[in-house]
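Colleague: After the structure tokens below, expect a handful of questions from me.
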């Protein structure tokens, strides 16, 4: 991807320079073969060189895609040098209007104003072409097949290079945007499915808190409603967690706009328009000269349309969405047939599509064959030029053919680079969304699952004690309200991705929660400040372990131990009251990417640690060992 971003602008620069020099070579040949005496050829050659320098400055873009300093003045100077010399050199100066069209498209902004300027330049050139050319068809050819084609080709190459650079910049932006959109949808769903139920539990709990001791039966009813709401929120949390786990491979919403004002459709349209302007006007120019029956025009146009469509399809798809070898050679074979089969009926001069075959060969053939075959086709007229007298004409035709082959190859490579970066961007965005969905699923289960389980437990205890022990009921309910508010805060942490936790604080909350349901807790937590990511993982493991004790055991005793020994953090959570077959380590009983202990095992392993879960007699032990990161001593500054 980085290679593409660095190579593409240079490819565009090279192709634009080749096309520019090629077309200006046509002007040079026109001056050298004109009727002007040698002494009068110096002035137009100097003007042509100045115009070439101006165009290269205006249109061979910097790698950052910016406009050159003083571009308004250089564009105005190019316009003057494009039109004024036509007063004296009209027969040799006609090919330079296309470069002014390209410069206007590249330099003038916004885009609508640029295209209006493009049209204005062509409109200004039309009467000049009509005055110089013998027929309207000839004038239209030089207007469309020369000026418009050159302008669009120069513009297309530069804009596609800008596109690739913009795509490279968005490789990081698009995944972040997709993740943000996913988080927004996730936040809405949490609020609608969990937040409302949890808020109702808080509201009933706060009301019940004022009634305990005075109207215990009414308080108990409110607490039971709160328990049902909390259970609903807990069940929804688990369901949503598993749904997001199942959606890891679901595609994210695609984005049509690929960069700036370009979309995938306009990119394809720009390439097709450039190739169409290159191919179609040239044979029509010769057909319009006559010499063929009127009925033959319709088949000619149909064959030319088929040739152009096949050409555009093969050349833009060769790299854009790569064609297989069979299809590439099939397209090239079809172009060869359409190149030579109509010649016996229309003649090679009228059916003049052979000069476009080198570009197709350079794109569609394999690496070893493309350049030798393309070079052979480009130089097809050289033997005739050597034995004849039209050496300048032969040289011009070779350059003319080569520059069009360069345009075709450059557009095809641009399409390929664009497609590669688009695919890479989409893959990165999809991977980022999948990671975010996995995080949603894990955090819902690991964080909200614990909080809601504790809320259910505390509300149930408060409801049982509302009549007999109102003071204890108030204390339990106050803790339940605090945990409910913490659960609402955890929702924000889950959706935002910010969820730093402390294992020491979590041990204190676990002790209070377990004691509320009559479980005797012995804890020994002795850790200094731990790295934030490791502290969060250990706290999350402890939460999951306590949740499993509440859900899956009939524990009466529990111990929590956290300590640092010889640079290794050790967490141990043990409880009794476990029946059933022995548990096995999470890595052996679940596929990677799961939730609960399997996911926590992966997160611990990612930090170089080990999580184990095992049955011990009638109890269960969950333990983690993870190394502390080694702090590297700062190196002394060189003297």
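None of the figures in this text is laboratory data; all of them are computed from the coordinates on show. For clarity, every value in this text was computed on a predicted model and none was experimentally measured. Note: ideal-geometry Cβ built from the backbone for every residue, glycine included; neighbour counts use all protein chains shown.
Colleague: In nm, give the distance between the simple-model label positions of residue 39 and residue 17, each being 7 Å from the Cα along the Cα-to-Cβ direction.
Modeller: Rounded to a tenth, the inter-label distance reads 3.8 nm.
Colleague: Equivalent ellipsoid semi-axes for segment 295-368, as square roots of 5 times the alpha carbon gyration tensor eigenvalues: give them largest first, rounded to whole Å.
Modeller: Output for segment 295-368: semi-axes of 24, 12, 9 Å.
Colleague: What residues from segment 601-619 fall in the zone where the backbone N is under 16 Å from a label point 7 Å along the Cα-to-C-beta line of residue 522?
Modeller: Counting backbone N atoms under 16 Å from the label point, the list is 618-619.
Colleague: Right, another one. What FRET efficiency do you get for residue 136 and residue 371 if R0 is 41 Å and r is their Cβ-Cβ distance, rounded to the nearest 0.05? Spell out each step's value before the answer.
Modeller: Details: r = 40 Å, r/R0 = 0.97.
Between residue 136 and residue 371 the formula returns 0.55.
Colleague: Same structure again: Please give the length that would be gained between residue 210 and residue 187 if that part of the chain were fully extended, namely 0.36 nm times their separation in residues minus their C-alpha to C-alpha distance (nm, one decimal).
Modeller: Contour length minus the Cα-Cα distance gives 5.1 nm.
Colleague: Something else: Residues of segment 345-362 with the amide nitrogen closer than 20 Å to a label point 7 Å from the Cα of residue 301, along Cα-to-Cβ, please.
Modeller: Within reach of a label on residue 301: 345-347, 350-353.
Colleague: For the modelled label position 7 Å from the Cα of residue 218 along Cα-to-Cβ, which residues of segment 186-206 have backbone nitrogen atoms closer than 17 Å?
Modeller: Within reach of a label on residue 218: 203-206.
Colleague: I'd like the FRET efficiency for residue 72 and residue 46, computed as 1/(1 + (r/R0)^6) with the beta carbon distance as r and R0 of 30 Å, rounded to 0.05.
Modeller: It comes to 0.80.
Colleague: If packing is taken as the average number of other Cβ atoms within 10 Å across a peptide's residues, how do 45-55, 106-116, 217-227 rank, most packed first?
Modeller: 217-227, 45-55, 106-116
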